[in-house]
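Visitor: Structure incoming, see below.
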Amino acid sequence: DYYVTSHLHFDHMSDMLPMQYALQFIPRAKPLAVYAPASPDPVRALLNCPQFDLWAAEDVTIGEMRVSFSPARHPVETNAIAVQCDNARFIFTGDSNQDPLMELFCEGADLLLADCGLSKADHRFTAPHYSAELCGMLAHNTHARRLLLTHLNPKYDPAALLEEAQAFFPTAELAEMGEEYYI
């Protein structure tokens, strides 16, 4: 019923393009509500169609869920996303890097889905992604109950990235495609 994205890089939103085409043939009673950053303008313009009802990435209540956004460090406008429902809190860092604001936003997450785009050897403060080690530190420092690593770069061995995160958060896990996670 709703689509919420952290940012408008194609690896995070490209499925929206064929979806708008499909919705022309299987129309909805009302357009799909899409919550996304306002920029970059050329990509946002691709989502401007009758099948989507575009909304700014601003805090909103969707059904029984409270969805909150917090700016994240990335080359384009990006947000971390929190979803809270029934006293459970899910946080997705989006693509990001170290930021004190991120630590405040992630505090006490029941499930933290963290951008693990780099190994600790390749990470730099100016990089557009967290390292696995920093994901573990983030989960530890913010008292997260559970950590899932996502956005893994295929050039790294997933087991090695998991080990880096587990040095700081021993129960860290790799997110699995198609898996359901309960909060």
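Read-outs: derived from the displayed coordinates by stated rules, not from any lab. Nothing here was measured: the structure is a model prediction, and the numbers come from that model. Don't worry about glycine lacking a Cβ; one is built from the backbone with ideal geometry, like all the others, and counts go over all protein chains shown.
Visitor: Filter region 20-43 down to residues that are surrounded by fewer than 17 Cβ atoms within 10 Å (Cβ to Cβ), within 21 Å of Val76 (Cβ to Cβ) and not polar (S, T, N, Q), then give me how many there are.
Guide: Summing the residues that are surrounded by fewer than 17 Cβ atoms within 10 Å (Cβ to Cβ), within 21 Å of Val76 (Cβ to Cβ) and not polar (S, T, N, Q) in region 20-43 gives 4.
Visitor: Only one of these is free of Cβ contacts under 8 Å to residues at least 24 places away in the same chain and assigned to a helix (DSSP H, G or I): Ala165, Ala159. Name it.
Guide: Ala159
Visitor: Here is a further query. If you go through region 84-91 one residue at a time, do you hit one that is aliphatic (A, V, I, L, M), more than 20 Å from His151 (Cβ to Cβ) and surrounded by 15 or more Cβ atoms within 10 Å (Cβ to Cβ)?
Guide: Scanning region 84-91, I find no residue that is aliphatic (A, V, I, L, M), more than 20 Å from His151 (Cβ to Cβ) and surrounded by 15 or more Cβ atoms within 10 Å (Cβ to Cβ), so the answer is no.
Visitor: Please work out if Ala114 is within 25 Å of Met65 (Cα to Cα), in a strand (DSSP E or B) and among the aliphatic types (A, V, I, L, M).
Guide: Yes.
Visitor: I've got another one for you. Return the residues of region 1-55 that are hydroxyl-bearing (Ser, Thr, Tyr) and touching a helix residue (DSSP H, G or I) at 6+ places or on another chain (Cβ under 9 Å); say none if nothing qualifies.
Guide: Passing the criteria: Tyr3, Thr5, Ser6.
Visitor: If Lys155 satisfies every condition in (1) within 23 Å of Ala36 (Cα to Cα); (2) out of contact with any Leu (no Cβ under 8 Å at 6 or more places or on another chain) but one, which is the exception?
Guide: Just one mismatch for Lys155, condition (1).
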